[in-house]
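A short worksheet on the structure shown next.
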Amino acid sequence: MDLHPVVPGIYALPGMKTGRSYLIEDARGLALVDTSTQGCAARILEAIDALRRPARELHTIVATHYHLDHTGNVAALRERTGARLYVHAADAPYVDGRTPWMAMRGPLGGLAARFGPRPYSISVDGELHDGDVVPIAGGLTVVHLPGHTPGNIGLYSRERGLVFTGDALMNVFGLRTPLDMSTHDPAQARDSVRKLATLDFEIALPGHGAPIIGRASEKIRGWTERW
Ligand SMILES: [Zn+2]
Ligand SMILES: [Zn+2]
């Protein structure tokens, strides 16, 4: 597997299913932001192998929110690596099964419930809050961006000029917010994008679609101003 970093030490893993997975390599070892949909654990381990790192160096997985296209491979990876899972406190109950997942709205939601992947629950090792600093990639600050889910987060480094957005926004055929049918509170989700756009960053790494490289916060701000 040929891996090319988006910025030094951060890789957008190729060959994932729905939902991105970003691999981070730093002096402390390896970490993941999101893990895509179930069935990609082997691909992720292959990527770690391509960096010539042992899998046990994966110490941290941050899921930007509970959805199965972000937490899908946590269980399989934790078994192989001993990594610890961190999610925002407001999404932890959906991850560990205390609160049932939101049913998708509309006719497609009914189909997804009947034929889509089954909900699962996995234990959470640590809960995150707005302003916490996760000690990966030189230190990433948790930015609470609720709406898509109650505990959707971004991970921000002002110093490095980058942010992981989770599903606050997507970059699939242009910038967009996630579908209302899978979003807990669409109005709050739009407010969170406006909040994200007040930060200052060159690079945005979305939960879906291509990284936004160069003047990313300006591009997002311009987009929200056209709403
Ligand atoms: Zn997603
Ligand atoms: Zn989502």
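Read-outs throughout are calculated quantities, based only on the coordinates presented, and are distinct from any laboratory measurement. Because the structure is a prediction, the values reported are computed rather than measured. Positions of Cβ are generated from backbone atoms using ideal geometry, with glycine treated the same way; all protein chains shown enter the neighbour counts.
Of 138, 152, 209, which is farthest towards the positive pole of the stretch 10-225's charge dipole, taken about the Cα centre with +1 and -1 on the beta-carbons of Lys, Arg and Asp, Glu respectively?
It is 209.
Give me the percent relative contact order of the stretch 150-190, please, defined on Cα pairs under 8 angstrom at least 6 residues apart.
Details: 35 pairs, mean separation 10.8, N = 41.
Relative contact order comes out at 26 percent.
Once you treat every alpha carbon in the stretch 38-164 as an equal point and sum by Debye, what is log10 I(q)/I(0) at q = 0.23 Å⁻¹?
So the normalised log intensities are -1.38.
Among 51, 31, 63, whose Cα lies farthest out toward the positive end of the dipole of the stretch 26-70, if unit charges sit on the beta carbon of Lys, Arg (+1) and Asp, Glu (-1)?
Selected residue: 51.
Return the single residue from 174, 139, 19 with maximal mean-square fluctuation; model: Gaussian network over the chain, springs between Cα atoms under 10 Å.
Result: 174 has the largest fluctuation of those listed.
I need the peptides 81-87, 124-130, 61-67 ranked by packing, meaning the mean over residues of other C-beta atoms within 10 angstrom, with the highest value on top.
The most tightly packed comes first, giving 61-67, 81-87, 124-130.
Under the rule of -39500 (n - 2.57) per DSSP H run of 4 or more residues, summed and divided by the residues of the chain, what mean residue ellipticity at 222 nm is obtained, to the nearest 500 deg cm²/dmol? Can you show the working numbers first?
Details: 7 runs with 58 residues, N = 227.
Theoretical 222 nm ellipticity from helices: -7000 deg cm²/dmol.
Please get the size of the charge dipole for the chain, origin at its Cα centre, with Cβ charges of +1 on Lys and Arg and -1 on Asp and Glu, quoted in debye to the nearest 20. List each step's numbers first, then the result.
Values: 24 positive and 24 negative charges, 83 e Å.
In total the dipole reaches around 400 debye.
Residue 84 to residue 200: extension gain in nm, 0.36 nm per residue of separation minus the Cα-Cα distance? Walk me through the numbers before you get to the answer.
Details: separation 116, 0.36 × 116 = 41.76 nm, distance 2.93 nm.
Residue separation times 0.36 nm, minus the Cα-Cα distance, leaves 38.8 nm.
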